Amino acid sequence: MTEILSLQRLDTDMAIAELKSCGGAARGFLGLDPVTQNDSLLAAELKSLQAQLFSAGETVVGFAPNTDQPRQAYVASTSADPEPLRALLEFLTTYQRCTTFVAMVPDGVENCFADCGFEQVGVLPRHRWQNYDWQDVLVYVGRADSCRS
């Protein structure tokens, strides 16, 4: 079994700074775009989502609870490395009692969700506007019992 990375909770200001420092890797993170959105808008969006963000090494991971499905969380990562996501999923399973996870990832972005037991269940065609064009978004779903390493 691999060692789980430790997560460091980020306050709103630090979360925004970390997301912005990730540049293009943070585009689409929980539906946000730190490249084009200003700090005030990002803070308001994170608050409305009830999102919590963490640093795990050089990676930012985060989640937002699904208010319509209490044991489900939307998850995101700024890295294709699966270890930070595994640490987040372990946290969510243990402390938030989540049983399912949903990730919405811009198409063409290398991601770690399949490596963590997620299954691609759909595509939202032309869902995001970026770089003067509509982009598809891939939808991944994972269950706590299949996401454990």
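The values are calculated or read from the model by the stated rules, or taken from the named source; none is laboratory data. Note that the structure is a prediction, hence the values are computed from the model and not measured. Note: ideal-geometry Cβ built from the backbone for every residue, glycine included; neighbour counts use all protein chains shown. These accessible areas exclude ligands, DNA and RNA; they are computed on the full protein's heavy atoms, side chains included. Shrake-Rupley method; radii C 1.70, N 1.55, O 1.52, S 1.80 Å.
Matching residues to (1) in contact with a Leu (Cβ under 9 Å, 6 or more places away or on another chain); (2) at pLDDT below 95:
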| residue | (1), (2) |
| --- | --- |
| R86 | yes, yes |
| F101 | yes, no |
| F113 | yes, yes |
| W129 | no, yes |
| R148 | yes, yes |
Exception for D136 within (1) buried (at least 18 other Cβ atoms within 10 Å of the Cβ); (2) modelled with pLDDT under 95; (3) part of a strand (DSSP E or B) falls at (1)
Which residue is nearest to L138 (Cα to Cα), if the candidates are limited to region 57-78 and must be open to solvent by 30 Å² or more (accessible area, probe 1.4 Å) and in contact (Cβ under 8 Å) with a residue 24 or more places away in the chain? Y74
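Are any residues in region 94-112 of a type in the set (S, T, N, Q) and either free of Cβ contacts under 8 Å to residues at least 40 places away in the same chain or open to solvent by less than 30 Å² (accessible area, probe 1.4 Å) (or both), and if so, which ones?
Those that are of a type in the set (S, T, N, Q) and either free of Cβ contacts under 8 Å to residues at least 40 places away in the same chain or open to solvent by less than 30 Å² (accessible area, probe 1.4 Å) (or both): T94, Q96, N111.
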From the set of residues in region 3-27 that are among the charged types (D, E, K, R) and open to solvent by 50 Å² or more (accessible area, probe 1.4 Å), which is modelled with the lowest pLDDT? E3
